[in-house]
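Peer 1: One structure is given below, represented as structure tokens, and several questions about it will come after.
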Amino acid sequence: MFLQEVIPYFVVVAVIVAIILLFRLRAAIIRQEKNPVMQIGNGQTIGRREEQDDYFATATTSHGTIAVLADGISGLANGRLASTLAVNTFIREFSKLDHPRHLSLYFSRAASLANAEILQALKGSRGGTTLVAAVIHDGMLHWGAVGDSILTVFRRGEFIPINQKDIYESVLEERFLAGEISKDEAISHPKKKQLINYLGYEGFQNIEIGREPFPLEKGDKVLLLSDGVYDTLTELELERILFQKISAHDAAEQIIETVESKQKANQDNATVVILEKGW
């Protein structure tokens with residue numbers, strides 16, 4: 001008689017416990033969906049240069065995942081010093097960020113600090129670096145860039161350019177549109193690839209910052225590229241690699257392997273960083 005009275009009680013308790021566990025499991029799954037794993041891939045080659053002037057780093061905090069790529073100017077001395085200082089400054093300042101709403105201020109402040117630290121380290125010597133930084137937070141891409149390293153999003157087989165390159169070519173385009181020079185003069189100008197803004201000189205003013213965060217979609221790949229990659233590979237070659245169903249790590253490795261397979265006599269340092277959010 002006692003067992004007949006107790007068994008239903010244990011059954012009810014077991015059902016309640018099972019329901020609680022199911023709710024907790026569901027909540028854990030939802031949290032995982034809201035905070036999917038970030039795939040990070042990177043690859044690098046020294047090319048035909050004597051030194052590796054490219055430098056990069058990634059980090060993840062409660063405010064998102066950041067990737068920073070800097071390409072030290074090989075035509076100047078101390079390119080490696082400049083790129084390393086710039087990246088380390090951006091990573092350090094990101095670790096101090098107190099709230100994602102301050103990201104725009106972060107990019108501007110980090111760039112100013114990096115420029116000052118490079119100038120101090122150079123002690124009058126010449127040096128400089130490009131830099132592109134990308135932060136992914138809650139499915140949104142925040143970014144800042146200076147120089148000619150590029151940030152682009154690969155979506156459904158096509159590239160969406162994010163930043164503008166700080167090179168003299170943009171000035172030539174404006175002069176052409178204003179009727180000051182011909183199209184041929186703009187195209188053939190010997191200094192069209194010359195940098196007009198970078199970190200590591202007294203005239204530096206500010207970094208280009210995205211006015212609004214860029215919304216990412218399922219399947220998007222965010223790429224940071226130094227000119228050693230995009231000057232060697234065509235968009236079609238990059239698309240063929242990125243369109244494959246492979247990890248960000250494997251895609252980055254394939255990109256660098258393809259760069260090296262070209263065997264260019266003057267191959268520059270080449271670096272790629274890929275961020276892909278799991279969905």
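The values are calculated or read from the model by the stated rules, or taken from the named source; none is laboratory data. The structure displayed is predicted, hence computed values, not measured ones. Here Cβ is always computed from backbone atoms with ideal geometry, including for glycine, and neighbour counts include all displayed protein chains.
Peer 1: Hey, among A28, A57, which residue is out of contact with any Asp or Glu (no Cβ under 7 Å at 6 or more places or on another chain), at pLDDT 90 or above and among the hydrophobic types (A, V, I, L, M, F, W, C)? Don't jump to the end; show me each part of the working.
Peer 2: Details: A28 fails: at pLDDT 90 or above.
The unique qualifying residue is A57.
Peer 1: Condition (residue is over 19 Å from the mean Cα position of the chain (by Cα) and not small (G, A, S)) applied to the range 133-150: is it met by at least one residue?
Peer 2: First pass over the range 133-150, keeping only residues over 19 Å from the mean Cα position of the chain (by Cα): none.
No: the range 133-150 contains no residue that is over 19 Å from the mean Cα position of the chain (by Cα) and not small (G, A, S).
For (1) β-branched (V, I, T); (2) surrounded by 23 or more Cβ atoms within 10 Å (Cβ to Cβ); (3) in contact with a Cys (Cβ under 7 Å, 6 or more places away or on another chain), each residue gets a yes or a no:
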{"site": "I66", "(1), (2), (3)": "yes, yes, no"}
{"site": "N78", "(1), (2), (3)": "no, no, no"}
{"site": "T84", "(1), (2), (3)": "yes, no, no"}
{"site": "N88", "(1), (2), (3)": "no, no, no"}
{"site": "R92", "(1), (2), (3)": "no, no, no"}
{"site": "L97", "(1), (2), (3)": "no, no, no"}
{"site": "H102", "(1), (2), (3)": "no, no, no"}
{"site": "L105", "(1), (2), (3)": "no, no, no"}
{"site": "A110", "(1), (2), (3)": "no, yes, no"}
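Peer 1: Please report, ordered by residue number, the strands (runs of 3 or more DSSP E) entirely within the range 143-234 with at least 2 residues that are assigned by TED's automatic domain parsing to the domain that holds Q120 and crowded, with 20+ Cβ neighbours inside 10 Å. Outline the logic, then answer.
Peer 2: On the way: elements: 150-155, 158-161, 221-225.
In the range 143-234, 150-155, 221-225 are the strands (runs of 3 or more DSSP E) which contain 2 or more residues that are assigned by TED's automatic domain parsing to the domain that holds Q120 and crowded, with 20+ Cβ neighbours inside 10 Å.
Peer 1: Same structure again: Select from the range 124-142 the residues that are outside any strand (DSSP E or B), touching a residue at least 60 places away in the same chain (Cβ under 8 Å) and of a type in the set (G, A, S) and write down the one among them that is surrounded by the fewest Cβ atoms within 10 Å (Cβ to Cβ). It would help to see each step written out before you state the result.
Peer 2: Our first condition is that a residue be outside any strand (DSSP E or B); within the range 124-142, this holds for 124-128, 138-139.
Pick out the ones that are also touching a residue at least 60 places away in the same chain (Cβ under 8 Å) and you get 127-128, 138-139.
From what's left, of a type in the set (G, A, S): 127-128, 139.
Numbers: G127: 24, G128: 29, G139: 16.
Among residues in the range 124-142 that are outside any strand (DSSP E or B), touching a residue at least 60 places away in the same chain (Cβ under 8 Å) and of a type in the set (G, A, S), the one surrounded by the fewest Cβ atoms within 10 Å (Cβ to Cβ) is G139.
Matching residues to (1) among the β-branched types (V, I, T); (2) over 14 Å from the mean Cα position of the chain (by Cα); (3) closer than 28 Å to F94 by Cβ; (4) at pLDDT 50 or above:
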position	(1), (2), (3), (4)
E5	no, yes, no, yes
V17	yes, yes, no, yes
Q32	no, yes, yes, no
D53	no, yes, yes, yes
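Peer 1: Give the number of residues within the range 235-246 that are β-branched (V, I, T) and not in a helix (DSSP H, G or I).
Peer 2: Taking the range 235-246 and keeping what is β-branched (V, I, T), we get 241, 246.
With the extra rule that they be not in a helix (DSSP H, G or I), the set shrinks to 246.
Number satisfying all stated conditions: 1.
Peer 1: Within the range 247-279, can you find the residues that are assigned to a loop (DSSP other than H, G, I, E, B), within 20 Å of the chain's Cα centre (by Cα) and surrounded by 15 or more Cβ atoms within 10 Å (Cβ to Cβ)? Quick ask: steps written out before the conclusion?
Peer 2: So the first thing to find is which residues in the range 247-279 are assigned to a loop (DSSP other than H, G, I, E, B), and the list is 247, 262-269, 278-279.
When the remaining residues are screened for being within 20 Å of the chain's Cα centre (by Cα), the result is 247, 268-269, 278-279.
D268, N269, listed by residue number.
Peer 1: Just to be sure, is G47 at pLDDT 95 or above and on the phi > 0 side of the Ramachandran plot?
Peer 2: On the way: at pLDDT 95 or above: yes; on the phi > 0 side of the Ramachandran plot: yes.
Spelling it out, G47 is indeed at pLDDT 95 or above and on the phi > 0 side of the Ramachandran plot.
Peer 1: Within the range 116-123, is there a residue that is in the same structural domain as N206 (by TED's automatic domain parsing) and either within 30 Å of E217 (Cα to Cα) or assigned to a loop (DSSP other than H, G, I, E, B) (or both)?
Peer 2: Our first condition is that a residue be in the same structural domain as N206 (by TED's automatic domain parsing); within the range 116-123, this holds for 116-123.
Okay, now just the ones that are also either within 30 Å of E217 (Cα to Cα) or assigned to a loop (DSSP other than H, G, I, E, B) (or both), so 123.
Yes, the range 116-123 contains at least one residue that is in the same structural domain as N206 (by TED's automatic domain parsing) and either within 30 Å of E217 (Cα to Cα) or assigned to a loop (DSSP other than H, G, I, E, B) (or both).
Peer 1: Let me ask something else. Restricting to the range 250-268, what's the tally of residues that are polar (S, T, N, Q) and within 11 Å of V229 (Cα to Cα)? Reasoning before the result, please.
Peer 2: The first filter runs over the range 250-268 and keeps only residues polar (S, T, N, Q), leaving 254, 258, 261, 263, 266-267.
Those left that are additionally within 11 Å of V229 (Cα to Cα): 258, 267.
Qualifying residue count, the range 250-268: 2.
Peer 1: Can I ask one more? State all residues of the range 176-221 that are touching a residue at least 40 places away in the same chain (Cβ under 8 Å) and over 30 Å from D138 (Cα atoms); if no residue qualifies, say none.
Peer 2: Keep residues of the range 176-221 that are touching a residue at least 40 places away in the same chain (Cβ under 8 Å), which gives 193, 195, 197-202, 204, 206-210, 213-221.
K193, L195, N197, G200, Y201, E202, F204 - these are the residues of the range 176-221 that are touching a residue at least 40 places away in the same chain (Cβ under 8 Å) and over 30 Å from D138 (Cα atoms).
Peer 1: Kindly provide the set of residues from the range 42-91 that are assigned to a helix (DSSP H, G or I) and under 13 Å from V135 (Cβ atoms), ordered by number. Break it down stepwise before answering.
Peer 2: So in the range 42-91, the residues assigned to a helix (DSSP H, G or I) come out as 79-91.
Passing the criteria: F90, I91.
Peer 1: Could you say whether any residue in the range 177-198 is under 22 Å from the mean Cα position of the chain (by Cα) and among the hydrophobic types (A, V, I, L, M, F, W, C)? I'd like the intermediate steps shown before the answer.
Peer 2: Initially, the range 177-198 is screened for residues under 22 Å from the mean Cα position of the chain (by Cα), giving 193, 195-198.
Those left that are additionally among the hydrophobic types (A, V, I, L, M, F, W, C): 195-196.
Yes; the residues of the range 177-198 include at least one that is under 22 Å from the mean Cα position of the chain (by Cα) and among the hydrophobic types (A, V, I, L, M, F, W, C).
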